[in-house]
Structures are given as C-alpha cells and as structure tokens.
Amino acid sequence: MYTGWDEWFLSCPDSAGSLYVTEKGEGEPLVVLHGGPGGDHRYLIAAVAPLTQHFRVVLYDRRGCLRSPVPLDRVTFQANVADLRALQEQLGAEKIHLFAHSAGAELAAAYVQAFSDLVGRVVLVGPPPLRSGGDEEERELLQQQHQARVAFEKEKWRQLLEQLGYDESDLGKLPDRERSHFYRMRDATLFLRYPERWRDNPVYFYSHEVSMAVGNSMPKEYDFVDALKKHHGNVTVIVGDHDVVDLGGRLARFYYENSPIRLVVLEDAGHNVWIDQPERFLELVREALLG
C-alpha cells in the first residue's frame, strides 16, 4: 500500500513531539486530514492515492494519534492548527489544498478561518456540524439528527448480531481473529452503505482520550461555516445520503445549500463514500480540485 510513499517526521512547533508524515506525487500540495479526531491517516490512503497523479499528496497522523505520540496534556485543537501551519512551512508551499474527512473537517475549516490566504481549494467529506449555537430551527435539526444517529447505530448493532447468530454475551468468548473481524464488520455497518465490503475498510486506530482532548479544547463558540462561505477558493462538501453523521444530508443542506459552497449529497453512499461509490467519488474530487 505504501509503495512509492516517502515517510518523515515533523517536529511539533511547541516541541511536544514529532508527527508522522507520508507523501507521494508532485505538484501543488494536497494535505489530507483524517477523522476521529483521534484516528489515524491510513484508512484514507485508498481515497486519495489516485490524486498523486495530479498533486503532492501529504497525509499525517495528528498529534497524539497512532504514529505521532505526544503527551495527552499537549493535545489541543489549537495545537493541531499550529501543527498544520508548521507542516505547510516545511512543505515550502505558499498555498496548500485541503482534503478532510469527518472530524478532520473541523481542523480544515479552522485553518481556513485562520489562514485563508494560505489555502487554495478545499474538499470536505462527511463533515460534522461546523458551528456552535444556532437558532431554534438549527438546534432542533441537530437534535433530530442526533436521535436518528442513535437509532441507526442501535439497529445496525442488532442486525449484525442477528446476522451472525451472536448474543452480546458471546463476543468476549470469540477467538481474537473472529472478534476482530466482528468489530470491523460493526464499523462497516455504520460507515458503509454496503457493509459486505468491510474488508475494504482498513483497521482504524482510534484513541478516545485524544478525541476528547481535542473536542474539549475547541472554542466555546465558533462559526466555521461562515469562514468556508467567505473563502476565496473553491469549497466542496461531499456527503453520502446514508452517512451516519448526517443521515439524508439534512444538516449539510441546511448549512450549505444556496451558498458559494458546492454541496453534493451522493446517493447510495455512507460515511466512507470512496468505498461505496469509488468512481463517482473520484470524479467529484477531481472536479473539485482540478476544476
């Protein structure tokens, strides 16, 4: 999978540690931001590898994540923004394009807000809500979508247990390999429209502690949606219509329809849309980044 990819370590600007970086391709830098925010970059390789024909594609594990160990008390949202700025400086790039998945969209949007002149085109895939507060209509929609997600997750869990003939009490007794496969299948039922493709979804390394540290250090009030709408570069948002983060794309439509942002709600796709609809996804991303 990593054939032809260069690997190196970026020193954190606050000397908290080093971040693992991998890159491939030539041309303008396209920096890829993974989700979580306590996840790792590897699951996105398949999504962006074809773009190495057009860009210098750069992925990294954010601070505290798998290959980038940093003390937990040095993991903050603002530190992630500073790390991305340090990465851009090391790349020697006057401008970078951004590709962000899931919670990576929070970092991408915050970077646009802070350094809009240093950012070119932006692609956000399956983003969470990117602003706090909101009026009564927005708060009601957020609540409805949260309830829909909880119900969706419970039903998918029930269906998977039924499909495999397991009770919850059986899970602790499974052999390690079988139990690992079960939880990969469980992730696939949540993130893929076609969970039978679970083997195409790499193992995802996730730190709940890192995710909480980042989430708890976000600004009390923020409006990254407004920053994206004001960004001078092209911004594209891609959401699967079966994305557990925003079922039916209702939040995405609320935030981005009738705005300068291009919104695509991709039919028959879940949170990891490049696995469900690879050809259409690649077509959309190329349009967004190449024009």
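The values are calculated or read from the model by the stated rules, or taken from the named source; none is laboratory data. As the structure is a computational prediction, the values presented were derived from the model and not from experiment. Don't worry about glycine lacking a Cβ; one is built from the backbone with ideal geometry, like all the others, and counts go over all protein chains shown.
Which of the residues belonging to region 9-24 are on the phi < 0 side of the Ramachandran plot and either in contact with a helix residue (DSSP H, G or I) (Cβ under 9 Å, 6 or more places away or on another chain) or crowded, with 18+ Cβ neighbours inside 10 Å (or both)?
Selection gives 10, 11, 12, 13, 14, 16, 19, 20, 21, 22, 23, 24.
Across region 65-80, what is the total count of residues that are touching a residue at least 60 places away in the same chain (Cβ under 8 Å) and in a loop (DSSP other than H, G, I, E, B)?
4
Please state which of the following conditions residue 265 fails to meet, knowing it meets all the rest: (1) assigned to a helix (DSSP H, G or I); (2) under 30 Å from residue 116 (Cβ atoms); (3) not small (Gly, Ala, Ser).
Result: residue 265 passes all but (1).
Run down 250, 280, 286 and say which single residue is under 20 Å from residue 148 (Cα atoms) and of a type in the set (Lys, Arg).
250
Determine which single condition residue 110 fails, assuming it passes every other condition in (1) of a type in the set (Gly, Ala, Ser); (2) buried (at least 19 other Cβ atoms within 10 Å of the Cβ); (3) over 24 Å from residue 285 (Cα atoms).
With respect to (1) of a type in the set (Gly, Ala, Ser); (2) buried (at least 19 other Cβ atoms within 10 Å of the Cβ); (3) over 24 Å from residue 285 (Cα atoms), residue 110 is out only on (3).
Could you list, in sequence order, all residues of region 272-291 that are over 20 Å from residue 121 (Cα atoms) and part of a helix (DSSP H, G or I)?
Across region 272-291, the qualifying residues are 275, 276, 278, 279.
So, residue 58, is that one out of contact with any Pro (no Cβ under 8 Å at 6 or more places or on another chain), outside any loop (DSSP other than H, G, I, E, B) and not small (Gly, Ala, Ser) or not?
Working: out of contact with any Pro (no Cβ under 8 Å at 6 or more places or on another chain): no; outside any loop (DSSP other than H, G, I, E, B): yes; not small (Gly, Ala, Ser): yes.
Here the answer is no, as residue 58 does not meet what is asked.
When the residues of region 176-226 are filtered to those that are β-branched (Val, Ile, Thr) and out of contact with any helix residue (DSSP H, G or I) (no Cβ under 6 Å at 6 or more places or on another chain), which remaining residue is surrounded by the most Cβ atoms within 10 Å (Cβ to Cβ)?
210
Take the residues in region 233-255 that are surrounded by fewer than 24 Cβ atoms within 10 Å (Cβ to Cβ) and assigned to a loop (DSSP other than H, G, I, E, B), then tell me which one is nearest to the chain's Cα centre (by Cα).
Going through the qualifying residues, I end up with 245.
Part of a loop (DSSP other than H, G, I, E, B), surrounded by 21 or more Cβ atoms within 10 Å (Cβ to Cβ) and either at positive phi or assigned by TED's automatic domain parsing to the domain that holds residue 224 (or both): which single residue out of 27, 39, 4 fits that description?
On inspection, the qualifying residue turns out to be 39.
Of everything in region 256-291 that's among the polar types (S, T, N, Q) and surrounded by fewer than 17 Cβ atoms within 10 Å (Cβ to Cβ), which residue is nearest to the chain's Cα centre (by Cα)? Step through it out loud before you land on a result.
As a first pass, look at region 256-291 and keep what is among the polar types (S, T, N, Q): 258-259, 272, 277.
Adding the requirement that they be surrounded by fewer than 17 Cβ atoms within 10 Å (Cβ to Cβ) leaves 258-259.
On the way: 258: 24, 259: 22 Å.
Looking at the filtered set, the residue picked out is 259.
Being of a type outside the set (Asp, Glu), surrounded by fewer than 24 Cβ atoms within 10 Å (Cβ to Cβ) and either closer than 23 Å to residue 283 by Cβ or not assigned by TED's automatic domain parsing to the domain that holds residue 233 (or both) is the requirement here; does residue 49 meet it?
So residue 49 fits the description; yes.
For residue 186, are the conditions met, namely being of a type in the set (D, E, K, R) and touching a strand residue (DSSP E or B) at 6+ places or on another chain (Cβ under 8 Å)?
No: the conditions fail for residue 186.
Select from region 7-65 the residues that are among the charged types (D, E, K, R) and over 16 Å from residue 98 (Cα atoms) and list them in ascending order.
Selection gives 7, 14, 40, 42, 63.
Any idea which of 216, 234 is polar (S, T, N, Q), touching a residue at least 60 places away in the same chain (Cβ under 8 Å) and assigned by TED's automatic domain parsing to the domain that holds residue 82?
234
Hey, residue 229 hits all of (1) touching a residue at least 40 places away in the same chain (Cβ under 8 Å); (2) in a helix (DSSP H, G or I) but one; which does it fall short on?
Condition not satisfied by residue 229: (1).
Considering 109, 148, 86, 100, which residue is modelled with pLDDT of 95 or more, of a type in the set (A, V, I, L, M), within 20 Å of residue 264 (Cβ to Cβ) and assigned to a helix (DSSP H, G or I)?
Answer to the check: 109.
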